[in-house]
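Structure record follows, encoded as structure tokens.
We did not get these values from a lab; they are worked out from the coordinates using the rules stated. Everything quoted here is computed from the prediction, not taken from an experiment. Heads up, the Cβs are rebuilt from the backbone with ideal geometry, glycines too, and the neighbour counts pull from every protein chain shown.
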Amino acid sequence: MEVDAKKVMRDFAVADVRPMGTYALLEMEGDLPEGIMPGQFVQIEIADSKTTYLRRPISICNVENGRLWLLVRDAGAGTHKLVEARKGDRFNIIMPLGHGFTVPAGKDTRILLAGGGVGVAPLLYLAKTLHDGGICPDIVLGARSKADVLLREEFERYGRLHISTDDGSDGTPGLITANPAWDKEFDAVAVCGPTPMMRAVASICAGRGIPCEVSLENMMACGLGACLCCVEDTKDKGNVCVCTDGPVFNINKLKWQL
Amino acid sequence: MEVDAKKVMRDFAVADVRPMGTYALLEMEGDLPEGIMPGQFVQIEIADSKTTYLRRPISICNVENGRLWLLVRDAGAGTHKLVEARKGDRFNIIMPLGHGFTVPAGKDTRILLAGGGVGVAPLLYLAKTLHDGGICPDIVLGARSKADVLLREEFERYGRLHISTDDGSDGTPGLITANPAWDKEFDAVAVCGPTPMMRAVASICAGRGIPCEVSLENMMACGLGACLCCVEDTKDKGNVCVCTDGPVFNINKLKWQL
Amino acid sequence: MATLNVNIGGLELANPVLTASGTFGYGEEFADLTDINALGGIIVKGTTLAPRQGNPAPRMAETPSGMLNAVGLQNKGVDYFIEHIYPRIAERFSSEIIVNVAGSTIDDYTEVCRRLAPLPRIRAVEINISCPNVKQGGMAFGTTTDGAAEVTRAVRAAWPKTLIMKLSPNVTSIVDIAKAVEAEGADSVSLINTLMGMAIDVKRRRPMLSTITGGLSGPAVKPVAVRMVWQVAKAVGIPVIGLGGISDTNDALEFIMAGATAIEVGTAGFVNPRAAEEIALGLAAYCEENGLKSISEIRGII
Amino acid sequence: MATLNVNIGGLELANPVLTASGTFGYGEEFADLTDINALGGIIVKGTTLAPRQGNPAPRMAETPSGMLNAVGLQNKGVDYFIEHIYPRIAERFSSEIIVNVAGSTIDDYTEVCRRLAPLPRIRAVEINISCPNVKQGGMAFGTTTDGAAEVTRAVRAAWPKTLIMKLSPNVTSIVDIAKAVEAEGADSVSLINTLMGMAIDVKRRRPMLSTITGGLSGPAVKPVAVRMVWQVAKAVGIPVIGLGGISDTNDALEFIMAGATAIEVGTAGFVNPRAAEEIALGLAAYCEENGLKSISEIRGII
């Protein structure tokens, strides 16, 4: 079993902000720790807010040129502060947290990354990691319409990109489960997005007998495995913390009805 | 009895910030109400703060060229946010609040304004109002040392300025009560500053039989006379709200032991 | 257009939004800044038989997401209210005017009610048996079922109109207290009054309040208030008025879904004097957006 | 150099700073981020006789300046703790290790204590008679003087070392409960456990927690906690351990001035994992700056 990288708590400065409608991509500069795995997340402090008390868990979207990328969706007072952040603003971050996606060793592994909404965030760093390891993943992203496809250029750099849009304004109309990307054979699937999307992908994989990893987003307080608030029920170990045993789980471990 | 100006609640934007050590002078732009009297104050909302809940009462330092001047001392999380404010930041303000200083009608009225620390703020607008009314007030300001004398140039515009410093680095050494400004005769005195200073000035006035007005700073919640938190005990009416009956009181009304 | 009308034991309110006693003065203090007549009603300051000077300053301390107060029922007494304040506000405001009544003895409560009874615009009283800031502030009555029942029985005999009992949260079982006052004929219960708290000025090494302890209010107490409203609404048949940290429409909806028929906006008015009016408008908008014919459709759905 | 040493009914602590049960795991979870050995001690997760899966998710809701939790005493049971966890942390950490003990019956409590008694590094237990999140979580014991006394009596007979009773704030008189457990031989009381609260997801029209109600903690509850610590410290002779919303040195000093001999840092650790260590350092600095020979000089000065 891999040994976890040492957790650090440090201030990071916003080096660049890319607004994307209700989302924003923050590029943060600071003293990045070693050994960040795709699928891991950070706990970021929201210092100036009347209505938020706890940190916010944000998945690691990418690590590039010594910068930490965080893709944030404006989903409340806390994340709103992040989306509003200005260049130079400083945030206190605890990282790296949790267990990430399995990165296959074999260069010939056929892997599909499926994501939607803010769920595409951890898949970018996974795609990059696979790409750097000599694997060219298939990537299928779902969005409402063409304008809502996030990080398109970045994903194209690291794999074969397939798009599904609800309104058909880009790629294949409909859900990502209907995307022709699925016509191929895969040795592994990684999915992150809205729960219905993850369930749909998981059941396809169950049907085809493909190992499938999902990244969960349960409500979290500490992010360190201490408060036991973010638990998910598992077949072998019962309630486990998503923040430490996850956020990435092999679907076979979970008690999801597919 | 004068009729109070109608209170308004509006957003104001920071047009200019003048840092002064632990103080800052904010020049705010917005839709200023009519009939602001010297000695009145505003209730300003601290929107983005984990540790402050209530508004902060700040005296009106000046109204000039349609701008509201607020002199703020960094005295805690709330006022710290104000001192840190950047040009363009918006704050919600309720104003004008409370009853201010008596502005004598007669152009030949000999009046002394005495202040120290952040207490000089309301005296500037009073000096300006007197000056505009044809009265040239004597103004005595107390400070630790030369560097701590606030708004010197502004005060010089509106009256005869006398300085007292603890270390003698400017004006007369010692407390403002020892300043030669007191050698003259006065028809009225207005004082705002630390309580010991106000008590000292009040007792001089009591001794000389000069009408003396003090501006109080009791802890406040609503600023509207509803919560009854900021009361001061008075001879004729018992506990009254500093936010509505004050903040300016004739010393004869108060139960201070001089 | 959905209806926001609610009925509190005979008292018809145009909407469920009231202002909490001691936080909105007599309405006049806020009239420049918000439309008093947009509210279901206002509950005026705690009124006692004799005038009261209240506690010495300091009476207030800010706390995380809230504040402590120790006003101590400062008011000019019921006779002054009847002679000077009532005529002014009865003429100026069309929304309901409810008087919060406080006392040290049973006779205090009943006598104040008797004197208020003839006033046509006062259709309801809220009996404060839970003031934590006065030794004889009624909290003694409010923390035992017997004490609460005794006050209710006496006041019920002296007050023919709508009777609301304001309950203390500083008890092991607020449900037992609520059942006790219901059994004695209360038309409604309002909860929660402030939680008893304390803050210390570490620098000066002394309490922040002249009374050492005081009443905690504001968003900080909201989860406790929602829980108690939910428990009480399930346990009694009379309408429950919910208060405790309500700052916006979402907060008000939490209390209504927990079982409150009406709500009171208190401390939030110090930060946003328009909070109550905004909530009244917000509840109407919520009903529209969610196709409700009446706000009552979501009452107690938890 | 001032001393921060304090004594809790025989238990010597290098400083008054402890971590609250259920908020700091077994220390290991925080070891990358803060120096566990800089603390007076850690109080490990509520431990029961049999393993417990706890409540279903969602177990947490953020509230103004705080949070609600409904974990429901999830833990692997006392035998697993003794066999797998204790050896690890006893070897790794030099600061005191206190076990929080929870149960549904008197026998649960006593049996867990009997099994822990042989462990040399466990010099104290904190008996949780105030868990609001489990029907049989002991809050039934913690809300009556008889119940609290009964548990104390039984555990006192089974546990020879330092016995700390953790009290519930959801009562009319926490002073009466504290006196009752003191009379039965408790060496110390710790307070406050969480306030029972509730939050509603208005959009989904359902409770935020799977258990509907949960325990409120964080800065929001601090004024209530300071008040109760002050009341209890005046009323009992045994040392009081204060907790409830302590986030920094100033908060800790409030509790000590209110009468606390030691303090526990809980929810604040979720936001700042170094909070407890920073407070231990901050108390030392405070003593230096104020010329105190011992932190005890300011204990209970209010």
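Here the stretch A:209-243 is scanned for amide nitrogen atoms under 19 Å from the site 7 Å beyond the Cα of D:R92 along Cα-to-Cβ, giving A:222-229, A:240-243.
The region of chain B that goes longest without hitting one of the GluC sites (Glu not before Pro) in a DSSP loop, each with at most 16 other Cβ atoms within 10 Å, is B:85-184. Which of the three applies to the stretch C:50-188, rounded, prolate or oblate, going by the alpha-carbon gyration tensor with a ≥ b ≥ c and a/c under 1.5 meaning rounded? Cα axes put the stretch C:50-188 in the oblate bin. Would you work out if the protein assembly as shown is rounded, prolate or oblate? Take a ≥ b ≥ c from the square roots of the eigenvalues of the alpha-carbon gyration tensor; rounded if a/c is under 1.5, else prolate when a/b is larger than b/c, oblate otherwise. Verdict is prolate for the protein assembly as shown.
Using a cut-off of 25 Å between alpha-carbon atoms, which lysines can reach A:K255, once sequence neighbours fewer than 8 places away in the same chain are excluded? Within the straight-line limit of under 25 Å, A:K255 reaches these lysines: A:K235, A:K237, D:K76.
Annotation for the stretch A:96-128 versus the stretch B:139-203: alpha-carbon center distance of 70 Å.
Inter-copy label distances at B:A77, using a point 7 Å along Cα-to-Cβ, come to 1.2 nm with the shortest given first. Treating r as the C-beta distance of B:E64 and A:E34 and R0 as 45 Å, the FRET efficiency rounds to 0.20.
Couplings 3J(HN,Hα) for the stretch C:145-153, derived from phi with the Karplus relation 6.51 cos²θ - 1.76 cosθ + 1.60 (θ = phi - 60°), are 5, 5, x, 5, 5, 4, 4, 4, 4 Hz, where x marks Gly and Pro.
With each label modelled as a point 7 angstrom along the Cα→C-beta vector, the D:E297-B:R208 pair spans 4.5 nm. Normalised by the number of residues in chain C, the average gap of Cα pairs under 8 Å and 6 or more apart makes the relative contact order 21 percent.
Of all DSSP beta bridges confined to the stretch A:109-258, the antiparallel ones make up roughly 30%. Between the alpha-carbon centres of the stretch D:16-38 and the stretch D:166-234 there is a gap of 22 Å. Sorted from closest to farthest, the other copies place their D:E83 label points 8.3 nm away, with each point set 7 Å from Cα along Cα→Cβ. Modelled spin labels at C:R153 and D:K203, positioned 7 Å past Cα toward Cβ, are 5.1 nm from each other. In straight-distance terms, cross-link reach from C:K222 covers every one of the lysines whose alpha-carbon lies under 21 Å from its own, apart from those fewer than eight places away in the same chain; here that gives A:K50, B:K50, C:K166, C:K234, D:K203, D:K222.
Here is the result for the stretch D:221-302: no GluC sites (Glu not before Pro) lie in DSSP coil with at most 13 other C-beta atoms within 10 angstrom of their C-beta. Size of the stretch B:215-258 from its Cα atoms: along the principal axes, largest to smallest, the extents are 29, 18, 13 Å. Counting only DSSP beta bridges whose two residues both lie in chain D, roughly 35 percent are antiparallel. Normalising the average separation of contacting C-alpha pairs (under 8 angstrom, six or more residues apart) by the number of residues puts the relative contact order of the stretch C:173-247 at 42 percent. Backbone phi angles across the stretch C:19-33, fed through the Karplus curve with coefficients 6.51, -1.76 and 1.60 (θ = phi - 60°), yield HN-Hα couplings of 9, 6, 3, x, 10, 9, x, 10, x, 4, 4, 9, 5, 5, 9 Hz in residue order; Gly and Pro are listed as x.
Going by the alpha-carbon gyration tensor, a ≥ b ≥ c the square roots of its eigenvalues, is chain C rounded (a/c under 1.5) or, if a/c is not under 1.5, prolate (a/b greater than b/c) versus oblate? Because its axes are fairly even, with a/c under 1.5, chain C counts as rounded. Normalised by the number of residues in the stretch B:101-214, the average gap of Cα pairs under 8 Å and 6 or more apart makes the relative contact order 28 percent.
The phi-based Karplus calculation (6.51 cos²θ - 1.76 cosθ + 1.60; θ = phi - 60°) puts the 3J(HN,Hα) values of the stretch D:268-279 at 4, x, 6, 8, 10, x, 8, 3, 5, 4, 4, 5 Hz, whole numbers, x for Gly and Pro. Computing FRET efficiency as 1/(1 + (r/R0)^6) for C:D107 and D:N5, where r is the C-beta to C-beta distance and R0 is 51 Å, gives about 0.35. Legend: mean number of C-beta atoms from other chains within 10 angstrom of residue C-beta atoms, peptide B:240-249, equals 1.
If you plug the beta carbon distance of B:A75 and D:N290 into 1/(1 + (r/R0)^6) with R0 = 25 Å, you get a FRET efficiency near 0.75.
Taking the centroid of alpha carbons for each part, the stretch A:42-88 and the stretch B:6-83 are 30 Å apart.
Extending 7 Å from the Cα toward the beta-carbon at both D:A117 and A:D233 defines two label points whose distance is 3.9 nm.
When the label point is put 7 Å from the Cα of A:A47 along its Cα-to-beta-carbon vector, which residues of the stretch B:87-126 have a backbone N closer than 19 Å? Correct set: B:87, B:89-90.
For chain C, the longest piece that avoids every one of the trypsin sites (Lys or Arg not before Pro) found in DSSP loops with at most 11 other C-beta atoms within 10 Å covers C:1-134.
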